[in-house]
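Asker: My structure is below; once you've seen it, I'll send some questions.
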Amino acid sequence: MSDYDVIVIGGGPAGLAAATSARGEGKRSVLVIERDQKLGGILNQCIHNGFGLITFNEELTGPEYAARYEKLARDAGVEFLLDTMVLDVSPDHMVTCVSEARGMQRISAGAVVLAMGCRERPRGALNIPGFRPAGVYTAGTAQRLVNIEGLMPGREVVILGSGDIGLIMARRMTLEGAHVACVAELMPYSGGLKRNIVQCLDDFGIPLLLSHTVTRVEGKRRVEAVWIAQVDEKGRPVAGTEKRYPCDTLLLSVGLLPENELSRAAGVELSRVTRGPVVNESLETSVPGIFACGNVLHVHDLVDYVSQEATAAGAAAGAWADACAQHQAHDEEPGIPVVAEGGVRYTVPQSIDPERMPEKLTVRFRVGGVYEDKRICVYLGDERVIAKRRPILVPGEMEDVTLKREDLLARPGLEKIVVTLEEA
Amino acid sequence: METRTLTCIRCPRGCTVAVTLADDGTITSVTGNSCMRGDKYARDEVTHPVRVVTTTVPVVGSATEKMVSVKTAGDVPKGRVFDVVRALTDVTATAPVHIGDVILADVAGTGIDIVATKDA
């Protein structure tokens, strides 16, 4: 007998939606363990609007969206341990955590949902030459300083990387009285949503320098300037294009990495592309009864998709815990592999068992470059079952296709499912 | 006749919307939008662009928060965005604050209230 039917690690948007769904109208006991003092995760510092259009048909701010899901989880009777850090998850679902209030605890679960989110790629991952002066922050750290702590990181700002947080912070710093000189992006396209380029950069006349990077950070105690150069098609700085931007602050918005230390220690197989767990149609990892959802699984562009995915993961974890409590054997047959081809970088899930999948299953993915006028195609064996026309596909935006269970069941012996891009 | 191409900012889909204007400035067509929000955005954007402003104000007396996040309860003219932020320079909220509480009524004479988006 486990202490809880389902334990969810992380109380951000993924964890709250997974827990609410796992609760199954009060049928199961569910515990969320969160390291912060409050629920909602990173949404608490995302004070801009644009969240929840799909889920609530409203444009909410991050804290409002988080509050809605916190209420749903509390009303559903989910239990919470706040200010509590999970140190270890064992393959047999024993969760070890520590807090100032209760010390070290070991809590067992029928099933576990990983919902730890992601973190920002730091300066150390970029190899920018120069000293280590004060004034270099990840965009998310600056966001926390401004929106939660009420502190301004600097006055004259350069932003490297055009991820959404960087774009959002360009506007935020401008509204707070700073001058943002430019956003430099290594790639020939932006990593963020188009709407954020319009409303965060264009609205304020902030230039977006595509195919540019920071080659040098000047200053010993504090950033004094950064040098920005154009790059060639291989990302190498082009000699003679360097320009000096005097500034006191450099913000980095250069990618997000799923935070999978606990998953790795639990023996969960990780994908080299997503850096998150490899999962099947139930969002179950390679370790039976351990599920994953949200940004720990793969980095999302929209929280609405996180909530949808987490709801599915929570329900699957709940069903797994039920079967476990009734000593039913789990069907651990490997599913049919889902193969990403032709510009599709990866898919989540990576395998599908037609017997276990729901009537309709959403397969999410991202593309590796900018593609115009293509069709997203799905092949079951040699047969094309989906051809969805898309005028433009960009790496910054997540795509999806919906597979029907009947289509898979109608093809016994199916060896692979291919998701690919073709000319329209 | 003039055609202006916009990126809709009303949802993350970011539709490319084309607005055709007659010589007298009246809108003759809006195309490329996937929903009515996009139609309204495009019409607003070429005649009187508007934005929702989100920012923070300090809060006193809260056990957990130093700042409370706020937004304009509706659209304000794009050209008034900085006026809205400036009008909040010396505004401080007092706990307890609940989501939806009016922090400042009729900000900068826009007729729009500033409301809290976080409990504190």
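Taken together, the values in this text are just the output of simple stated rules run on the coordinates, not laboratory data. The structure presented is a predicted model; accordingly, all values stated were derived computationally and were not measured. When we count neighbours, we look across all protein chains shown, and the Cβ atoms used for this are built from the backbone with ideal geometry, even at glycine.
Asker: Around B:VAL68, what is the net charge, scoring Lys/Arg as +1 and Asp/Glu as -1 over all other residues with Cβ under 10 Å from its Cβ?
Answerer: So the environment of B:VAL68 carries a net charge of -1.
Asker: Could you give each residue of segment A:214-226 its phi-based ³J(HN,Hα) in whole Hz, using Karplus coefficients 6.51, -1.76, 1.60 with θ = phi - 60°, and x for Gly or Pro?
Answerer: Per-residue couplings from phi come out as 7, 9, 7, 10, 9, x, 9, 8, 9, 4, 10, 6, 10 Hz.
Asker: 5 Å is the cut-off here: which amide hydrogens, built 1.01 Å from N in the peptide plane, fall below it relative to A:ALA134, excluding neighbours closer than 5 in sequence?
Answerer: Excluding prolines and chain starts, which carry no amide H, the hits are A:ARG222, A:VAL223.
Asker: Then there's this: I want to verify the translational diffusion coefficient of chain A in µm²/s; compute it with Stokes-Einstein, Rh as the Kirkwood radius over Cα pairs, at 37 °C and 0.692 mPa s. Each step should come with its number before you reach the end.
Answerer: Details: Rh = 22.7 Å.
Taking Rh from Cα pairs, D becomes 145 µm²/s.
Asker: Expressed as a whole number of Å, what is the distance separating the alpha-carbon centroids of segment A:1-42 and segment A:361-402?
Answerer: Between the Cα centre of segment A:361-402 and that of segment A:1-42, the gap is 32 Å.
Asker: I would also like to ask the following. Give a residue-ordered list of calculated ³J(HN,Hα) values for segment B:9-14 (Karplus: 6.51 cos²θ - 1.76 cosθ + 1.60, θ = phi - 60°; whole Hz; x for Gly, Pro).
Answerer: These are the phi-based 3J(HN,Hα) values: 10, 6, 8, x, 4, x Hz.
Asker: In the neighborhood of A:VAL6, defined by Cβ-to-Cβ distances under 12 Å, what is the net charge if each Lys or Arg adds +1 and each Asp or Glu adds -1? Please list the in-between numbers first.
Answerer: Working: positive: A:ARG23, A:LYS27, A:ARG28; negative: A:ASP3, A:ASP5, A:GLU79, A:ASP322.
So the surrounding residues net to -1.
Asker: Below 10 angstrom from the Cβ of A:GLN350, what's the summed charge of the other residues (Lys, Arg +1; Asp, Glu -1)?
Answerer: Numbers: positive: none; negative: A:GLU269, A:GLU281.
Net of charged neighbours comes to -2.
Asker: If I take every Cα pair under 8 Å that is 6 or more residues apart in segment B:12-60, average their sequence separation and divide by the length, what percent do I get for the relative contact order?
Answerer: Working: 40 pairs, mean separation 13.6, N = 49.
Relative contact order, segment B:12-60: 28 percent.
Asker: Here's another thing I want to ask about it. Could you check which residue among A:GLU269, A:GLU25, A:GLU79 shows the biggest mean-square fluctuation in a GNM of chain A with a 10 Å Cα cutoff?
Answerer: A:GLU25
Asker: Which entries in the list A:LYS194/B:LYS118; A:LYS38/B:LYS118; A:LYS220/B:LYS66; A:LYS194/B:LYS40; A:LYS71/B:LYS118 go over 23 Å, if you measure between the two C-alpha atoms of each?
Answerer: On the way: A:LYS194/B:LYS118 27 Å; A:LYS38/B:LYS118 12 Å; A:LYS220/B:LYS66 32 Å; A:LYS194/B:LYS40 18 Å; A:LYS71/B:LYS118 13 Å.
Where the Cα-Cα span goes over 23 Å, the pairs concerned are A:LYS194/B:LYS118; A:LYS220/B:LYS66.
Asker: Please report A:ILE148, A:ILE290 as a ranked list, fewest other C-beta atoms within 10 angstrom at the top and most at the bottom. Working shown, then result.
Answerer: On the way: A:ILE148 17, A:ILE290 28.
The fewest-first ordering by Cβ neighbours comes to A:ILE148, A:ILE290.
Asker: Then there is this: Given only helices, namely DSSP H runs of n ≥ 4 each adding -39500 (n - 2.57), what is the per-residue ellipticity at 222 nm of chain A, to the nearest 500 deg cm²/dmol?
Answerer: Per the formula, -5500 deg cm²/dmol.
Asker: Using Cα positions and a limit of under 18 Å, work out the lysines in reach of A:LYS404, with same-chain residues fewer than 8 apart set aside.
Answerer: Result set, ordered by chain and number: A:LYS360, A:LYS388, A:LYS416.
Asker: Kindly put B:ASP119, B:ASP24 in sequence by how many other C-beta atoms sit within 10 Å of each C-beta, fewest to most. All intermediate terms of the calculation are to be shown ahead of the outcome.
Answerer: On the way: B:ASP119 19, B:ASP24 5.
Listed from fewest to most nearby Cβ atoms, that is B:ASP24, B:ASP119.
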